[in-house]
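Input: a single structure, listed below in structure tokens.
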Amino acid sequence: MARWEAIFSPPPSVLKVLEQLEQNGWESWTVGGCVRDSLLGKVPADWDVCTAALPETVQSLFEGRFPVIPTGLRHGTVTILADGMPVEVTTFRTEGTYTDHRRPDEVHFVTSLHQDLARRDFTVNAMAWSPIRGIRDDFGGQKDLEAGLLRCVGQPEHRFEEDALRMLRALRFCAQYGFTLEEETRRGIAARKELLKTVAGERVLTELKKLLTGLQAGRTLLDSLPALGVVLPQLLPLGGFDQHNPHHHLDLWTHTCQVVDGCPREAEIRLAALFHDVAKPLCQSWGEDGNAHYIGHGAMSAEIARSCLNRLKSDGETVRQVTALVCHHDDPPPQTRKGMARLLGKLGLEMTGKLLALRRADILAQSPDTRAAKLSELEGAQKLMEQLMEEQACLTISQLTVDGRMLMDWGIPAGPQLGNTLRWLLEQVLDGTVSNTPEALKQIWEEKNPFA
Ligand code: ATP
Ligand code: MG
């Protein structure tokens, strides 16, 4: 086996695209994330190709052989559906001036790979590889990969002025890959962070989700509050905030970062972790014992999370999940069958599971002195949840063995009383007063009907 095959394993469709271009005399490479990931021993999500051929040439070379989609001709990108798999082919290019810190005013096609690599954001993302040409690493990407350093290609401040999004990309690559910011790059972010205000909300949110679900999210967040605070100023008061309460041994931002790390790596739950205590500095009150308290901080944090996520143009389902988790994160976990049945009925199994996972992470980032008791409470709730699911217990109106039609047969008139009766019957089942069979439900209704 050739040595490269042990490191680079592009799908056959990518090899076919490279071969067709090279056979027609056009220098072509795989480039960017796929080269970085291959060198790290990871499986690349996709393989981008760059070439000296102009977009029209690429189109004409593949037409008749594979379907060709002119994805972004102006930016030089053509997508080849090679054996049904989309392969993006982009002409070597440089970028013109950036007047809005977001997008180049124009792009220029060039003939040298070097110039194309020079426009890329970080050294680890500015490498190319081809099966016939080998690796091209003009900016020391391999050395930085080995050292775990994230370094801008070129002068960091200038590169962040061109495109402010790169600062957030830098942080999320640190979180995803465990990179450390190279010193000049770190200083570049500190100097140009205010430009993050120019980045569109949805692009911020995309990067934030990737950052939060990275393996090194907590460590990255801990060092990034000043930059993150430009896009989410509501987080700034958490930095260094002393909670003045025996349950907490960490400042609020350190606690928050630890909670993020302790949660499963799913975007909604980690966003909830990020915001779970965001309102604490606003809700602080002092008890006679000299401790600070934060009454109602769950609900208030949920409202702040909602307004932040809406501003970042989040989809509605994410907002719904994050705000529910934040709102209930501090509720004591149910210790009775009835209490757990009610919670499951209200939130559903998936969300209840997420809520307990968030609570576990929250407890683990609190003072060790009170941890054991809180964890055993949580385990009790977890067991109740599992028990109810195993029993396939009735938790919602739709799981009752009676419905509106049957209630009408019992003589209840159509109208609001039907719904009220169904809700009342569910309460009786959740309370364990009656079993969920049509006979038992009818009997209790006849005996105790509260609407008679
Ligand atoms: P991912 O695994 O998240 O896809 P990636 O490195 O492939 O990581 P993409 O956003 O797919 O990231 O971009 C592909 C390549 O394009 C990058 O590796 C980088 O070389 C270049 N690139 C992307 N965005 C920028 C940017 N804002 N500025 C400069 N170069 C960029
Ligand atoms: Mg990519």
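The values are calculated or read from the model by the stated rules, or taken from the named source; none is laboratory data. Bear in mind the structure is a predicted one, so any value in this text is a computation, not a measurement. Cβ: placed from backbone, ideal geometry, glycine included. Neighbour counts: every protein chain shown. For accessibility, only protein heavy atoms count, side chains too; no ligands or nucleic acids. Shrake-Rupley method; radii C 1.70, N 1.55, O 1.52, S 1.80 Å.
Taking a label point 7 Å from the Cα of Ser367 along the Cα→Cβ vector, which residues of segment 284-316 have an amide N closer than 17 Å to it?
From segment 284-316, the list is 285-295.
Please report, in debye to the nearest 20, how large the charge dipole of segment 249-390 is about its Cα centre when each Lys and Arg carries +1 at its beta carbon and each Asp and Glu carries -1 there.
Details: 17 positive and 19 negative charges, 77 e Å.
So the dipole magnitude of segment 249-390 works out to roughly 380 debye.
Report the paramagnetic label zone for Glu56: residues of segment 79-103 whose backbone N is under 17 Å from a point 7 Å from Cα along the Cα-to-Cβ axis.
Of the residues in segment 79-103, 91-92 have backbone N under 17 Å from the label point off Glu56.
Please list His247, His328, His255 in order of solvent-accessible area, largest first, computed with a 1.4 Å probe with all protein chains present.
Numbers: His247 75, His328 40, His255 0 Å².
Highest to lowest solvent-accessible surface, that is His247, His328, His255.
Identify all aspartates and glutamates with a Cα-Cα distance to Lys42 below 15 Å; exclude those on the same chain that are fewer than 8 residues away in sequence.
Glu5, Glu146
Determine ³J(HN,Hα), in whole Hz, for all residues of segment 426-434 in sequence, where each value follows from phi through the Karplus function 6.51 cos²θ - 1.76 cosθ + 1.60 and θ = phi - 60°; x replaces Gly and Pro.
Values, residue by residue: 4, 4, 5, 5, 4, 6, x, 6, 8 Hz.
Using heavy-atom solvent-accessible surface (probe 1.4 Å) with all chains present, what is the largest-first order of Arg172, Arg360? Walk me through the numbers before you get to the answer.
Details: Arg172 20, Arg360 80 Å².
So, going from the largest accessible area down, we get Arg360, Arg172.
Give the cross-link partners of Lys209 among the aspartates and glutamates, using a straight C-alpha distance below 12 Å as the criterion and excluding same-chain residues fewer than 8 apart.
Leaving aside aspartates and glutamates fewer than 8 places away in the same chain, those within reach of Lys209 are Glu266, Glu268.
Over 30 Å between Cα atoms, which of Lys338/Lys448; Lys313/Lys383; Lys143/Lys210 qualify? Write down the numbers at each step before the final one.
Values: Lys338/Lys448 20 Å; Lys313/Lys383 37 Å; Lys143/Lys210 25 Å.
Over 30 Å apart, Cα to Cα: Lys313/Lys383.
Give me the extension gain from Ser435 to Thr99: residue separation times 0.36 nm, minus the current Cα-Cα distance, reported in nm with one decimal.
Working: separation 336, 0.36 × 336 = 120.96 nm, distance 6.89 nm.
Length difference between fully extended and current span is 114.1 nm.
In debye to the nearest 20, how big a dipole does the chain give about its Cα centre with +1 on each Lys and Arg Cβ and -1 on each Asp and Glu Cβ? Could the numbers behind the result be given before it?
On the way: 49 positive and 60 negative charges, 36 e Å.
Roughly 180 debye, rounded to the nearest 20.
Please give the contour-minus-distance gain from Ala191 to Arg337: 0.36 nm per residue of separation, less the Cα-Cα distance, rounded to one decimal in nm. Please report the intermediate quantities before stating the final value.
Numbers: separation 146, 0.36 × 146 = 52.56 nm, distance 5.51 nm.
Stretched out fully, the Ala191 to Arg337 stretch lengthens by 47.1 nm.
When the Cα atoms of the chain are enclosed in a convex hull and the volume is divided per residue, what value in Å³ results? Could you put the intermediate results ahead of the total?
Numbers: hull volume 98.2 nm³, N = 452.
Expressed per residue, the convex hull around the Cα atoms of the chain is 217 Å³.
How much accessible surface does Arg359 have with a 1.4 Å probe, in Å² rounded to 10?
Solvent-accessible area, nearest 10 Å²: 40 Å².
Please calculate the 1.4 Å probe accessible area of Trp410, with all protein chains present, and give it to the nearest 10 Å².
40 Å²
Give me the orientation-averaged projected area of the Cα convex hull of segment 1-96, in nm², one decimal. Walk me through the numbers on the way to the answer.
Values: hull surface 26.6 nm².
The orientation-averaged projected area of the Cα hull of segment 1-96 comes to 6.7 nm².
Which value, in Å² and to the nearest 10, is the accessible area of Arg65 when all protein chains are kept and the probe is 1.4 Å?
120 Å²
At 0.36 nm per residue, and after removing the present C-alpha to C-alpha distance, how many nm does the segment from Thr401 to Lys346 gain when stretched out fully?
My answer for the length gained is 17.9 nm.
Label Val43 and Gln392 with points 7 Å out from Cα along Cα→Cβ: what is the distance between them in nm?
The two pseudo-label positions are separated by 3.5 nm.
Project the alpha carbons of segment 78-190 onto their principal axes and report the range along each, largest first, in whole Å.
44, 35, 26
Could you check the spin-label model distance between Gln155 and Lys442? Points 7 Å from the Cα along Cα→Cβ, value in nm.
Each label point is offset 7 Å from its Cα along the Cβ direction, giving 8.6 nm.
Convert each backbone phi in segment 256-271 into a coupling constant with the Karplus relation 6.51 cos²θ - 1.76 cosθ + 1.60 (shift: θ = phi - 60°), then list the ³J(HN,Hα) values in order as whole Hz, x for Gly and Pro.
Karplus values, whole Hz, x for Gly and Pro: 4, 5, 5, 5, 3, 4, x, 8, x, 7, 10, 4, 5, 5, 6, 5.
Could you work out how far the C-alpha centroid of segment 72-102 sits from that of segment 354-410, in angstrom?
49 Å
In whole Hz, with x marking every Gly and Pro, tabulate ³J(HN,Hα) for segment 412-417 from phi via Karplus 6.51 cos²θ - 1.76 cosθ + 1.60, θ = phi - 60°.
7, x, 4, x, x, 5
What residues qualify as long-range amide H neighbours of Ala82, i.e. H under 5 Å apart, gap of 5 or more or another chain, H built at 1.01 Å from N?
Close amide H contacts, sequence-distant or interchain: Val87.
Using a Förster distance of 41 Å, how high is the FRET efficiency between Ala6 and His114, based on the Cβ-Cβ distance and rounded to 0.05?
Numbers: r = 27 Å, r/R0 = 0.66.
Given R0 = 41 Å and the Cβ-Cβ separation, E is 0.90.
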